[in-house]
């Protein structure tokens, strides 16, 4: 008798679990549809709050598509090779919402690449003079020295606020060029291609950012100040009215 009760209890529990699972599967499409609708409304609201966000997204897509031609178009690819991907990467990391921010990041990346490339070539030639055995040791020391010094400089507040991105690119470019020079004979060509693709990508960002629906941070700041002053005026006017009624 106890065995029969145990079997009935197990069957009842199994039936409850199956029922719960069936109800969950039955409600799943409706829940998914609700999530999709909710997410769609969030996207629409995000675009309605500031239509410039939609335009900015389209501008970034256009810039990446244009610089990708250097990789897709065979004559251009023959000149730049795999280095053409640096133009695409430059657009991804440089293109910002406002013109000023895009220009600042572009200059940071361009100047950092130029200086790091020049120093990387110099470090490669100095290491080359030390012979086959001493070259990798000296190159490793140069990479360590510049990475440690540049990373320490990034801790200065003023440097971090304005040039942090440039220092990161400086560390990366110096390491790539100086280390690649150990295995690559045409180090000048490598540095030239990297600098050229960075300039191409940065120029595409700046030109598109300026010519197509430009967003100026100064204009946004002006509008924000005007709005805050208007709110302050309304607040003071309300206080004056209260004081007049109290008198």
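The values are calculated or read from the model by the stated rules, or taken from the named source; none is laboratory data. On a predicted model such as this, the values are computed, not experimentally measured, just so you know. A quick note on method: Cβ atoms are made from the backbone with ideal geometry, for glycine too, and the neighbour counts reach across all protein chains shown.
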* Structure fact -> Scanning the stretch 63-72 for residues that are exposed (fewer than 15 other Cβ atoms within 10 Å of the Cβ) and within 12 Å of residue 201 (Cα to Cα), the one modelled with the lowest pLDDT turns out to be 69
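Restrict the check to the stretch 169-187 and report whether at least one residue is closer than 20 Å to residue 94 by Cα, surrounded by 13 or more Cβ atoms within 10 Å (Cβ to Cβ), at pLDDT 75 or above and out of contact with any helix residue (DSSP H, G or I) (no Cβ under 6 Å at 6 or more places or on another chain). Steps first, please.
The initial filter retains those residues of the stretch 169-187 that are closer than 20 Å to residue 94 by Cα, namely 169-174, 176.
Imposing the further condition that a residue be surrounded by 13 or more Cβ atoms within 10 Å (Cβ to Cβ) reduces the set to 169-174, 176.
Next, only the ones that are at pLDDT 75 or above stay: 169-174, 176.
Now restrict to residues that are out of contact with any helix residue (DSSP H, G or I) (no Cβ under 6 Å at 6 or more places or on another chain): 172, 176.
Yes, the stretch 169-187 contains a residue that is closer than 20 Å to residue 94 by Cα, surrounded by 13 or more Cβ atoms within 10 Å (Cβ to Cβ), at pLDDT 75 or above and out of contact with any helix residue (DSSP H, G or I) (no Cβ under 6 Å at 6 or more places or on another chain).
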* Asked: What residue, among those in the stretch 200-219 that are surrounded by fewer than 18 Cβ atoms within 10 Å (Cβ to Cβ), in a helix (DSSP H, G or I) and modelled with pLDDT of 80 or more, is farthest from the chain's Cα centre (by Cα)?
  -> 211
* **Subset tally (residues that are under 23 Å from residue 211 (Cβ atoms), out of contact with any helix residue (DSSP H, G or I) (no Cβ under 7 Å at 6 or more places or on another chain) and modelled with pLDDT under 85) for the stretch 73-98** => 1
* (1) in contact (Cβ under 8 Å) with a residue 40 or more places away in the chain; (2) surrounded by fewer than 17 Cβ atoms within 10 Å (Cβ to Cβ); (3) within 14 Å of residue 108 (Cβ to Cβ): which one isn't true of residue 163, the others all being true? -> (2)
* Which residues, taken from the stretch 126-150, are surrounded by fewer than 18 Cβ atoms within 10 Å (Cβ to Cβ), part of a helix (DSSP H, G or I) and over 30 Å from the mean Cα position of the chain (by Cα)? -> 126, 128, 129, 131, 132, 133, 134, 135, 136, 137, 141
